[in-house]
Amino acid sequence: MSGGRRQTTTLRECSYTEFLKCQPMNFHGTEGVVGLARWAEKMESVFQIINCTVACQVKFASCTLQGSALTWWNSHMRAVGQDVAYAMPWAALKRMITSLDLSNYNHRFQELALMCGRMFPEEAKKV
């Protein structure tokens, strides 16, 4: 043994200021599946860098939601209550947003499919 002191690190709760210094991506809900994946990856990277506690992950990530994504989050918070919403695990929030995004994608695909049939009736007959 060297007789030196052992370094110990104490885990402390990360701050919102530290979170913002990492420049997390905002998510508007219109970026599509790729944009959603990039947002989630960036969030997880930031969580790791600042040693974000599980208790703060959803709270901090929800602050990056804007536009229609923020409207969805606010309605979810009203439905379940702020404490329940913030207590949700990060993985659950990702699943909820992913399913929301995929349903929007499917809805838009169906709209475009209907429009194609009307705009190009000859092509629709071939299919």
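All of the numbers you see were taken from the coordinates with simple rules; none came from a lab. Keep in mind it's a predicted model, so treat the numbers as computed, not measured. Heads up, the Cβs are rebuilt from the backbone with ideal geometry, glycines too, and the neighbour counts pull from every protein chain shown.
Of the peptides 79-91, 61-73, how do they stack up when ordered by the mean number of other Cβ atoms within 10 Å, highest first?
Values: 79-91: 12.9, 61-73: 17.4.
The most tightly packed comes first, giving 61-73, 79-91.
Just to verify a number: FRET efficiency for Glu31 and Ala55, C-beta to C-beta distance, R0 = 25 Å, to 0.05? Walk me through the numbers before you get to the answer.
Details: r = 27 Å, r/R0 = 1.08.
Efficiency for this residue pair is about 0.40.
Given R₀ = 30 Å, what would the calculated FRET efficiency be for Ser45 paired with Ser99, taking r from the Cβ atoms and rounding to 0.05?
Numbers: r = 23 Å, r/R0 = 0.76.
Efficiency computed from Cβ-Cβ geometry: 0.85.
Proximity of backbone amide H atoms, modeled 1.01 Å from N, is registered between Phe27 and Leu65, Gln66 at under 5 Å, excluding neighbours fewer than 5 places apart on the same chain. Scattering from the C-alpha atoms of region 25-84 alone, worked out with Debye: what is log10 I(q)/I(0) at q = 0.18, 0.23, 0.25 1/Å? Values returned for q = 0.18, 0.23, 0.25 Å⁻¹ are -0.67, -0.99, -1.08.
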